[in-house]
Every structure is written in structure tokens, then in C-alpha cells.
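Enquirer: Here it is: the structure, laid out below.
Read-outs throughout are calculated quantities, based only on the coordinates presented, and are distinct from any laboratory measurement. Given the structure is predicted, the values throughout are model-derived calculations rather than measurements. Positions of Cβ are generated from backbone atoms using ideal geometry, with glycine treated the same way; all protein chains shown enter the neighbour counts.
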Amino acid sequence: MGTQPGGRYREATAHILAQRGWHLVEDEAQFAIAVEAEVHRRLPGNRRSLDLIVEDAVINQYGPIWHRACLQNGSLRQRRGFEELYAHLYPIALYRAHHDEAIALDCTQASLETIWRKLPDVRDPHAFMRYCHMILIRQVLARLAEATRTAGVTSPRDDDLDRMDTAPDPTPLPEDRPGEMTPGVRARLEAAIRRCLDNPHMPVIIIRLFLDQQGVVAVMNELNLQPKQIALLKHRALKILRQCGTFMTILEELL
């Protein structure tokens, strides 16, 4: 009795999908058949191990499923698709960015925004994965080139924000010091933060972490967000605030 179509690599396919956290396959039997057919096409003359060939086939066949899910505006499948895409692209960005987490986070988010805008332009859904990789790698290379050009140039304003970010319990300022965090100064600072940041979560994250000195867990519970989302929004918010003249003026008064 022969093997059922798709049965030869079905177990390996299911293992790869589970290992990667990919849950968008609706017809597992048909997906396994498609993977098996692609493995047979890839085998002749291929020096890679069979395990890697099967994994390549799974990744390639998952691309069209990802593409369709990401096109379903407002659906749970679209949300799941972009969550999986983020989890897939971030480690690639981290490796390409030489493990610079800030660059990896920023480039992954920027790539997802570009991918979302250009979804209707994808002509071949089977090339969707390569298309996403190309967008991400271009983002990372551009950021690394920018970092290389500005190497050795330190911005005082960046240092100011870095001190805010890394000092969980800053030393209180003397009462007679002009830069004291009075209720009035705090109100101005909060107003500037809210004006500069148009994302509804970003002001809350910055105010809770830096002004209220709350922990990440408390912010997660308040906003119902995951740690990676908090880290990403915090990084992007600080980047925006560095370019906000009103906020930086008030910050310089305090420092």
C-alpha cells in the first residue's frame, strides 16, 4: 500500500509549522501535498540536507497563505498574519543589524508598514516571503549606512534621553534649583509629550515609565500590550521626541 499524497513529509511539515508558531494553514492535507510536490522539484542536484529542503518548501508554500491573511483588512487572520510576520522578520533584522536591538526593532516596524502599504502590488504570492525579506534587508542596510556616516558624532540631546531611559531612580533636584520638576513643569512636559506623539499608546508609555517611574509590567497591564510591543513603541516614541522642539526645550530646562 502506497503512501498517501503529502503523507511522506506531513509530520515534518507539522513540526516546522508548530516550531515557527505559524497557525494560518486551514487545510493541512492540501498544504502537505503542496510541500511534498515542491520538495520533489527541489531534490535533483540539491546538496542541502533533506530536512533543510523540506523546511525551505514549507516556508515557500506558507508565503501565499501569509499574503492572503495580511490582505484581510480588520480580520483576526490579518492580525495573526502580521504578528507572525513580525516574529519571523525581527530575528533576521537583529542578525543583519549585528545584534543592535534598537535598529532591529525600528527596521522591523518600518518594514511591516511598507509591506502593509504595498500588499496590493505583490504579483506573485509565492514570492511574498522573498519580497518581505528584501524590504527588511534594505531597511537595515540603510540604517547601518546612516549609523556609519554619523559614527563618532554624539548628540547632547540623545544623551539627555539616554539618561532618562537608563536611570530608574534619578537623584532629586534641590528645591532652589530652577530645573526642579514642579507640578507646573510636569504639566508642561506631559502636554508636550502628548502633542508630539500622535499614537495613543506612546504618551502613556513615556509618562508611566519616565515620569511616574512605573515598571514595564504595570504598563503592559494598563495598555494590554506585550513586552515587545512596549519596547517597540517606547523606542519609536523616544526617536520622535528627540525631534520635538517643544519637548526638548522643557527637558533642557530640567537638565
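Enquirer: Using Cα pairs closer than 8 Å and at least 6 residues apart in sequence, work out the relative contact order for the stretch 10-149, in percent.
Expert: Relative contact order, the stretch 10-149: 23 percent.
Enquirer: Filter the trypsin sites (Lys or Arg not before Pro) in the stretch 1-91 down to the DSSP loop ones having no more than 15 other Cβ atoms within 10 Å, then list what survives. It would help to have the intermediate numbers written out before the result.
Expert: Details: sites: Arg8, Arg10, Arg20, Arg41, Arg42, Arg47, Arg48, Arg68, Arg77, Arg79, Arg80; in loops: Arg8, Arg47, Arg48.
Sites meeting the loop and neighbour criteria: Arg47, Arg48.
Enquirer: Still on this structure: Do any GluC sites (Glu not before Pro) in the stretch 25-112 lie in a DSSP loop with no more than 12 other beta carbon atoms within 10 Å, and if so, which?
Expert: Glu26
Enquirer: If a/c stays under 1.5 just call it rounded; otherwise compare a/b with b/c (prolate if a/b is bigger, oblate if not). Do that for the stretch 69-130, with a ≥ b ≥ c from the square roots of the Cα gyration tensor eigenvalues.
Expert: It is prolate, given that a/c is not under 1.5 and a/b is the larger ratio.
Enquirer: May I ask you to compute the full-extension gain from Arg194 to Glu146, defined as 0.36 nm times their residue separation minus their alpha-carbon distance, rounded to one decimal in nm?
Expert: Separation in residues times 0.36 nm, less the Cα-Cα distance, equals 14.4 nm.
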